[in-house]
Amino acid sequence: MIDTIIFDLDGTLLNTLEDLMDSVNFALSRQGFPLRTLSEIRSFVGNGIKVLMERAVPEDVVGTDTFDVCFKDFNDYYKVHMEDKTAPYEGINEMLTNIKKAGFKTTIVTNKIDYAAQDLCKRMFGENIDLVVGSTDDRPNKPAPDGVFYALEKLDSKPENAIFVGDADTDILTAKNANLPSIGVLWGFRDREVIENEGAEYIVETVNELEKLLICLKNG
């Protein structure tokens, strides 16, 4: 029986792309670098903001002092503007309310830097999320399973009663590394082919379909 749901954040619960793009392009513009499109940002996200910026700057900038300046400019801008356009996907809050009523424990394990993950989740989801585990220097990012294990320990949950929900290959691989089943969602940042190739146990197209599947898994 599944009683604990581990969610990814960006691309699964929240559409964060435009605020990430604006923050990346603010940092790039300060250095006179070419700006990035929304499609490019979509392909860059998933492994944390440092990797996002490494993919966004010109290749020869990575590892230089200029990159450090760009990364700081990104963070400074994002801290102020991370809620300008970011919002839950349609139906997400209703789904979270319903699964909490059904008795699930809920947590988010994300590669988003912890300050942003904590702030956004508190404002967007309130008490519908029991625990938020963001990216810190204390743990390796997904697909390492460390954040998942930390969340399960904090929630006093057993791995055999948990499932991981995400939109990207990184999430499905994280679930594998933690020996958990996974659900891939198709409204996020990656295509069906990517999720299928990584081997998700379940794939859902809508939030309503996800809710029904979770309730079914809980009832055994």
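Can you give me the number of residues within region 109-149 that are out of contact with any Gly (no Cβ under 8 Å at 6 or more places or on another chain) and either of a type in the set (Asp, Glu) or not in a helix (DSSP H, G or I) (or both)?
Residues in region 109-149 being out of contact with any Gly (no Cβ under 8 Å at 6 or more places or on another chain) and either of a type in the set (Asp, Glu) or not in a helix (DSSP H, G or I) (or both): 16 in total.
Within region 64-93, the residues that satisfy the criterion of being over 21 Å from LYS112 (Cα atoms) and either out of contact with any helix residue (DSSP H, G or I) (no Cβ under 8 Å at 6 or more places or on another chain) or among the polar types (S, T, N, Q) (or both) are THR64, ASP65, THR66.
Would you please name the residue that is surrounded by the most Cβ atoms within 10 Å (Cβ to Cβ), looking only at residues in region 1-49 that are of a type in the set (S, T, N, Q) and more than 21 Å from ALA175 (Cα to Cα)?
SER23
The C-beta contact set for region 12-35 (first residue free of Cβ contacts under 8 Å to residues at least 24 places away in the same chain and within 22 Å of THR110 (Cα to Cα), second residue surrounded by fewer than 17 Cβ atoms within 10 Å (Cβ to Cβ) and polar (S, T, N, Q), distance under 9 angstrom, 6+ apart or interchain) comprises MET21/THR37.
Here ASP167 fulfils each of the conditions (1) buried (at least 20 other Cβ atoms within 10 Å of the Cβ); (2) acidic (Asp, Glu); (3) at positive phi apart from (3).
Annotation: ASN98 fulfils all but one of (1) in a helix (DSSP H, G or I); (2) closer than 19 Å to LYS154 by Cα; the unmet one is (2). Hey, could you check region 63-95 for residues that are assigned to a helix (DSSP H, G or I) and of a type in the set (Phe, Trp, Tyr) and say which is nearest to the chain's Cα centre (by Cα)? The residue in question is TYR78.
Quick one: which of ASP84, ASP22 is touching a His at 6+ places or on another chain (Cβ under 7 Å) and farther than 27 Å from ASP146 by Cα?
On the way: ASP84 fails: touching a His at 6+ places or on another chain (Cβ under 7 Å).
Result of the check over ASP84, ASP22: ASP22.
Looking only at residues of region 171-187 that are polar (S, T, N, Q) and surrounded by fewer than 23 Cβ atoms within 10 Å (Cβ to Cβ), we find that the one that is nearest to ASN111 (Cα to Cα) is ASN177.
Consider region 165-220 and keep the residues that are over 15 Å from LEU13 (Cα atoms), polar (S, T, N, Q) and assigned to a loop (DSSP other than H, G, I, E, B). The one that is modelled with the lowest pLDDT is ASN219.
The values are calculated or read from the model by the stated rules, or taken from the named source; none is laboratory data. What you see is a predicted model; the values in this text were computed from it and never measured. Every residue, glycine as well, gets a Cβ built from its backbone with ideal geometry; the counts of neighbours run over all protein chains shown.
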